[in-house]
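Please treat every number below as a calculation from the coordinates, not as lab data. These numbers were taken from a predicted model, which means no experiment stands behind them. Note that each Cβ is placed from the backbone with ideal geometry, even for glycine, and that neighbours are counted across all protein chains shown.
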Amino acid sequence: MPRTKLGPHRQHYFQLENVQGRAYTHVKLTVYPDGGIKRVRIIGTKLDGDETASGHKIRTQGDPVVAPSPIPVPAAPSNTTIIPVLPLTPEAFTPFGQVIQGYADHNAAPRGTRITPANQGSASKLHKLALLTSSYPAQAGATSGLSVYRCNPLKIVNGDRTSEIKMLERHPFTNQAFIPMGGGPGEGLETPGRAYLVVVAKNGPDDRPDLKTLRAFVASAAQGIVYNTAIWREYRC
């Protein structure tokens, strides 16, 4: 994994890159600057027997460490890739955009966030968690606006919690924000969702999604997201 800035007072989740089909016997964690962490968990699949993919013996010391088993997923066709869905955190989402949320613990806000009291001391303002950007040509006559998506929940059939991604889209000239809306009178949702799925990928050299960078996150209803310009995202409506 690349060197990554982490915020305090929360759990962090990351998907390792370029590890498919490779076997590992050791994990090294380096903290900059020297500090403390509560625990580290590495989730993966144990090879059959006591040999690595290269045929070398694995030497163990003491009792084996047992990691929590990943959620079982159905077998996928050879041309299909199954990716894990990780809880959304600002640090893990940084390559794709920004997370918009109110931090009760100000120390947990992204590093450098300006926070000031507001509304006669009854609120805290977290300044500019994301900036609005646009690079449309001047002659395009583009304007900014707010739209509302009224979405249906993902369907779970026979306990299968996988979801097939059929289409990705991107906005090549602007970033894009999604802020969840809850229940309420009038046109509010009768049963508002508590979480939603975020699927993203970087742009590839052929101006198509780079599927090696495909990532999935589960965001809570208290989190909004801002996709960076030209980031591919799942399109489902």
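What the table below lists for this structure:
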read-out: Calculated FRET efficiency for the pair residue 122/residue 229, C-beta based, R₀ 45 Å, to 0.05; value: 0.80
read-out: Charge dipole magnitude, Cβ of K and R +1, D and E -1 - the chain, Cα centre, debye nearest 20; value: 480
read-out: Whether segment 73-171 is rounded, prolate or oblate, judged on the alpha carbon gyration tensor where a/c under 1.5 counts as rounded; value: oblate
read-out: Prolate/oblate/rounded label for segment 157-237 (Cα gyration tensor, a/c 1.5); value: oblate
read-out: (i) 18.9, 64; (ii) 21.1, 69; (iii) 20.1, 82, with the label sought being that of the calculated Rg and Dmax of the Cα atoms in Å; value: (ii)
read-out: Mean ellipticity per residue at 222 nm, deg cm²/dmol - from DSSP H runs of n ≥ 4 across the chain, formula -39500 (n - 2.57); value: 0 deg cm²/dmol
read-out: Additional length obtainable on full extension of the chain from residue 169 to residue 4, 0.36 nm per residue less Cα span; value: 56.7 nm
read-out: For segment 22-37, 3J(HN,Hα) per residue [Karplus equation, 6.51 cos²θ - 1.76 cosθ + 1.60, θ = phi - 60°, Hz, x = Gly/Pro]; value: 10, 10, 10, 10, 9, 10, 10, 10, 10, 10, 10, x, 4, x, x, 9
read-out: Cα-based shape type of segment 99-237, given that a ≥ b ≥ c are square roots of the gyration tensor eigenvalues and the cut on a/c is 1.5; value: oblate
read-out: Flagged links, alpha-carbon separation over 29 Å, of 128/212; 5/155; 5/128; 38/202; 38/155; value: 128/212; 5/155; 38/202; 38/155
read-out: Amide H within-cut-off set for residue 101, under 5 Å, with H built and near neighbours excluded; value: 224
read-out: For segment 127-141, Karplus couplings with θ = phi - 60° (6.51, -1.76, 1.60), whole Hz, Gly/Pro x; value: 6, 6, 5, 8, 9, 7, 10, 8, 10, 4, x, 4, 7, 6, x
read-out: Low-density loop positions, GluC sites (Glu not before Pro), segment 124-209 - DSSP coil, at most 12 other Cβ in 10 Å; value: 164, 187, 190
